[in-house]
Structure formats: structure tokens, C-alpha cells
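The values are calculated or read from the model by the stated rules, or taken from the named source; none is laboratory data. These figures come from a predicted structure and were not determined experimentally. What goes into the accessible areas is simple: the full protein's heavy atoms, side chains included, and nothing from ligands, DNA or RNA. Shrake-Rupley method; radii C 1.70, N 1.55, O 1.52, S 1.80 Å.
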Amino acid sequence: ALANRDAPIRGRPAVDQQTIETLAARLEDAERNAQAIHKITDDYPDLDVPTAYRINEEIRRRKESRGHKVVGIKIGLTSKAKMAQMGVGKPGFGYLFDYFACPDGGEIPLEQLIHPKVEPEIAFVTGKELSGPGCHIGTVLSSIDFVMPAMEIIDSRYENFRFDLPSVAADNSSSSRFVTGGRRLAPSL
């Protein structure tokens, strides 16, 4: 852990590997200790979204090195209204890890989270991996085994739930916990 996770990191370019690793550690420590930090673009105002996703990938690498497994992908900013609000033209994503899963009817210890918020979602469970570009809707539909209701518990690691697009992309799109349950249904148009 860093001695002072919230101390500014200045004087280094926003894209070097050392900075990416340091920011990933800062964000992951904030999650693991349930302590809010200031958003990383306060220290790196020129941080771009591709670099933010490199930080996200470093967080994934760190979690996998400790034995956690990716069990899904979270897609955020999917509504046109939210995309317009954030000034983006496409959704963002984050990883869902095995320890994020909570059983239907289970309890989520709030002391493990900073400022959780609940969002209703639709979970798409796939049986085949998808890749693009050029991934056609028919290919997507044929890969889906079923859909089911889900609840996502987002938990930005940033103070006062204040962030911008690069900061949230680096923070694994505020992924935190999820619950699935209810009836499984076949996808249809």
C-alpha cells in the first residue's frame, strides 16, 4: 500500500508505466480499504480515456494475480441521455470479478463500500465469446444463452462521487457488486 494514497503524484508524464501502476494501486487500495480519494484527473488533468483504460487493465492484472477471476463485463453509459451528459459517443466498460457477486437475497456489508448506489440492470449471459469490429446483431443474439434481471451496486472510489470520464474509466467504471436472480428468459427482438 502507498504511504499516502491521497497525496498528489506530480512531475511525471500521465502515460508512463510507473504512473499507470501507481494510479492502479491508489485506486485499488481505495476500494480494498473503503476510503475515498480525490479523482485522479485532479493530479493528471490531461489524462485521456485510452490511458485510463490502461490503468483499468493494471487493476485487472493486480486482482488476477491475487486469484480473483473476471466473471463478466459491466457496460456503462448505455443510454443516449447519459452519453450526452458525459460528452461521449459510446458506452464505457469495466470488469466484474468473482468477489463482486452476491447471492439473490444475500446481504452486502456496507462497511466494505464507500458510497454505494444501486442500479437496476439486465444481465446478458453468453455462451460464446464476442469480438469486433463488425460484430453483427445476429452474432450477438446467437451468443446469448439467456437474459435475467440484475442489480448493480456501483461504488466510485472518488470523494463525493465526483468524477469525469477518464477518472471513471480508470476506476473500473465504478464496478463494485452485483446480484442476479429472477427468471431466465431467452433473448428476443
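Provide the per-residue ³J(HN,Hα) series for the range 89-100, in order, calculated from phi with Karplus coefficients 6.51, -1.76, 1.60 and θ = phi - 60°, each as a whole number of Hz, with x at glycine and proline positions.
x, 8, x, x, 9, x, 9, 9, 9, 3, 6, 6
Provide Rg over Rh for the range 103-142; use the alpha carbon set for both Rg and the Kirkwood Rh (inverse mean inverse pair distance).
Ratio of gyration radius to Kirkwood radius for the range 103-142: 1.19.
Just want to confirm a number: the relative contact order over the chain, from Cα pairs under 8 angstrom separated by 6+ residues, in percent.
For the chain, the relative contact order is 26 percent.
With runs of 4+ DSSP H residues as the only contributors, calculate the mean residue ellipticity of the chain at 222 nm using -39,500 (n - 2.57) per run, divided by the residue total and rounded to the nearest 500.
Mean residue ellipticity at 222 nm (helix-derived): -8500 deg cm²/dmol.
Rounded, prolate or oblate: which fits the range 49-123 when a ≥ b ≥ c are the square roots of the eigenvalues of the alpha-carbon gyration tensor, with rounded for a/c under 1.5 and prolate only if a/b beats b/c?
oblate
Hey, in the GNM for the chain with a 10 angstrom Cα cutoff, which one of V125, V140, V179 fluctuates hardest?
Top of the fluctuation ranking is V140.
Using a 1.4 angstrom probe, figure out how much accessible area the range 49-175 has per residue, in square angstrom, rounded to the nearest whole.
Per-residue accessible area for the range 49-175 comes out at 57 Å².
Applying the Karplus parametrisation 6.51 cos²θ - 1.76 cosθ + 1.60 with θ = phi - 60° to the phi angles of the range 155-170, what ³J(HN,Hα) value in whole Hz is obtained for each residue in order, glycine and proline being reported as x?
For the range 155-170, the Karplus curve yields 7, 4, 7, 9, 3, 6, 6, 10, 7, 10, 4, x, 5, 6, 4, 5 Hz.
If you roll a 1.4 Å probe over the range 8-146 with all protein chains in place, what percent of the accessible area is carbon or sulfur?
The value for the range 8-146 is 54 percent carbon and sulfur by accessible area.
List the residues whose amide H sits under 5 Å from the amide H of G72, counting only those 5 or more places along or on another chain, with H placed 1.01 Å from N in the peptide plane.
Here L96 satisfy the definition.
Quick check for the chain: number of Lys pairs with alpha-carbon distance under 17 Å, counting only pairs 8 or more apart or on different chains?
8
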